[in-house]
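For reference, the structure is listed below as structure tokens.
The values are calculated or read from the model by the stated rules, or taken from the named source; none is laboratory data. If you're wondering where the values come from, they're calculated on a predicted model, not measured in any experiment. Cβ placement follows ideal geometry from the backbone for every residue including glycine, while neighbour counts extend to all protein chains displayed.
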Amino acid sequence: MRVLLVEPRTPDTFWSFRNALPFVGKRASNPPLGLLTLAGLLPREWELKVVDLNCRPLPAVDVRWADYVLVSAMLAQRDSLLEVIRTCRAAGKPMIGGGPLFTAEAADNPGVDHVVVGEAEETAAALAADMEAGCVRPLYEAPRYPDLSLTPLPRWDLIDLREYATMSVQSCRGCPFDCEFCDVVALNGHKPRYKTPARFLAELDALRERGWRGQTFLVDDNFVGDPRRCKELLRAMIGWRRATGARMTFLTEASVNMAEDSELLQLMVEAGFKKVFLGIETPSTESLQECHKMQNLRGDLPTAVRRIQHAGLEVMGGFIVGFDSDRPDIFQRQFEFIQNAGVVTAMVGMLQAIPRSRLYRRLAGEGRLLGDGGGDNTKATFNFEPKLDREFLIENYRLLMRRLYEPNAYYRRVRILLENHRALGPRAHLSRSDLRALVKSLWCMGIRERGRRAYWRFLTSTLVRHPDRMGLAVTLAITGRHFRIVAEAL
């Protein structure tokens, strides 16, 4: 059996880092972990190829070669997925689709022949048997949230690791919180399910043995969802680092309540974590209550951010505008919060009603939905009728994004971060691509482009005040340029 696994292209948005990748000589930000994990569930004797459209176009020869084409997609990848479907249909190839974009509803099917809904660990064997027999059913639906002991090692051998800026692994799925706008609980459950420490370390070892030394993203729904299990995993990671001399560093997604646990923060830093993405959402208490983000109401949000930074972790933040409870001053309040807290990487998005979320169901019941939405909340569009004036929200959202990533404002946030942040834990590995990035940034941002004076003032002040942070400073300058291009294109 010859199977082609295709990852659709992610649009040029906030998290694509498309404008930063050339500085480090990479093609894509993260590998297609879902497809590589699925590949591990398929029979070893099958011939498999993975094509990531974030790295290269879909070769016609690979489509002709395949008996089946498997594609996994998120909502934001829908346009690219439709192109893949057209190509494969023209070649007469049967397609099997999975991932968050696909549901059991026939009306939601963008045009593939067969659909897999939910996590694949307990459905892959039946699917593979039917593929071999040539009688694949229209729908395969996971009967429950599977035990992650069933999850295989990702098939890293099917990609070239050198094409990616960051590797991806997963230690748990699910989240104990149920924010109204989020679909994680519907997709992966309310109770966090963790891999055993030994099982997770086997994944890290597989990457280490293939020569990976760089940044590694734990793509968990909420890494700290179960603090006891999380600490058990972190202690195992610390022991693994010491035993193997591994040089990887880590980033992940978590909830703000992690700031309350100093032991957890210390363990994360000692294990090699450098960054954490938090759903901060809004400084508005009323809007946090509206979306049931109760974990963000337990304490003072700016204090929580500073506590995490002081522990040695850079805080990346997700923010949302467009809640029913938002007032016209929300854009200024968001700007001031982000600036004063030193949240350098601030992903501000327009509220979207995501299918499967409680918000989607509520707005449907209120007759306010305007469509399913594209899965990208940074496009200055709504898929529902907001309470505040639509044009007011869109125009001020664009202005907010441009203000945040204008060079002077952006570099001010970096300086605040450097003042609040303590450089603790294992040092990041310095590679040739890092040196290449420095040279390119000096030419591009220091000579060729506007914002040159702000760039040089920033580097000079960093060299004087934080000479040991120059690597971090240059990295943040490069990613800031990417965010600025995205913001100006809104």
The one condition in (1) under 22 Å from the mean Cα position of the chain (by Cα); (2) in a helix (DSSP H, G or I); (3) surrounded by fewer than 21 Cβ atoms within 10 Å (Cβ to Cβ) that L234 fails to fulfil: (3)
Test: residue in the stretch 406-413 that is surrounded by fewer than 14 Cβ atoms within 10 Å (Cβ to Cβ), out of contact with any helix residue (DSSP H, G or I) (no Cβ under 6 Å at 6 or more places or on another chain) and not in a loop (DSSP other than H, G, I, E, B): no
Test for T462: is it assigned to a loop (DSSP other than H, G, I, E, B) and surrounded by 14 or more Cβ atoms within 10 Å (Cβ to Cβ): no
Residue in the stretch 414-424 that is at pLDDT 95 or above and either more than 26 Å from F17 (Cβ to Cβ) or not in a helix (DSSP H, G or I) (or both) present: no
Flag if A259 is more than 18 Å from the chain's Cα centre (by Cα) and touching a residue at least 40 places away in the same chain (Cβ under 8 Å): yes
Strands (runs of 3 or more DSSP E) enclosed by the stretch 111-208 - at least 2 residues per element that are surrounded by 14 or more Cβ atoms within 10 Å (Cβ to Cβ), touching a helix residue (DSSP H, G or I) at 6+ places or on another chain (Cβ under 7 Å) and of a type in the set (S, T, N, Q): none
Condition broken by Q266, with the remaining ones in (1) more than 20 Å from W15 (Cα to Cα); (2) of a type in the set (S, T, N, Q); (3) crowded, with 21+ Cβ neighbours inside 10 Å satisfied: (3)
Residue, farthest from L150 (Cα to Cα), within the stretch 86-110, restricted to residues that are among the small types (G, A, S) and crowded, with 17+ Cβ neighbours inside 10 Å: G97
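To keep it simple, each residue is scored yes or no on (1) over 30 Å from V117 (Cα atoms); (2) in contact with a helix residue (DSSP H, G or I) (Cβ under 6 Å, 6 or more places away or on another chain); (3) in contact (Cβ under 8 Å) with a residue 40 or more places away in the chain.
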{"site": "D329", "(1), (2), (3)": "yes, no, no"}
{"site": "V343", "(1), (2), (3)": "yes, no, yes"}
{"site": "P355", "(1), (2), (3)": "no, no, yes"}
{"site": "A364", "(1), (2), (3)": "no, no, no"}
{"site": "N383", "(1), (2), (3)": "no, no, no"}
Those residues of the stretch 425-445 which are of a type outside the set (A, V, I, L, M), in contact (Cβ under 8 Å) with a residue 60 or more places away in the chain and not in a helix (DSSP H, G or I), in sequence order: G425, P426, H429, S431
Pick from the stretch 187-217, criterion more than 22 Å from the chain's Cα centre (by Cα) and of a type in the set (G, A, S), ranking: farthest from V116 (Cα to Cα): G211
Near pairs, Cβ below 6 angstrom, 6+ apart or cross-chain, from the stretch 394-415 (more than 13 Å from Q339 (Cα to Cα)) to any residue that is among the hydrophobic types (A, V, I, L, M, F, W, C) and surrounded by fewer than 18 Cβ atoms within 10 Å (Cβ to Cβ): I394/A380; Y397/A380; R398/A380; R398/L490
Filtered residues of the stretch 109-141 (kept if among the charged types (D, E, K, R) and in contact (Cβ under 8 Å) with a residue 60 or more places away in the chain): E119, E121, E132
Test for L33: is it within 26 Å of S433 (Cβ to Cβ) and not basic (K, R): yes
Complete set of residues in the stretch 335-374 that are surrounded by fewer than 18 Cβ atoms within 10 Å (Cβ to Cβ), at pLDDT 95 or above and part of a loop (DSSP other than H, G, I, E, B): E366, G367, R368
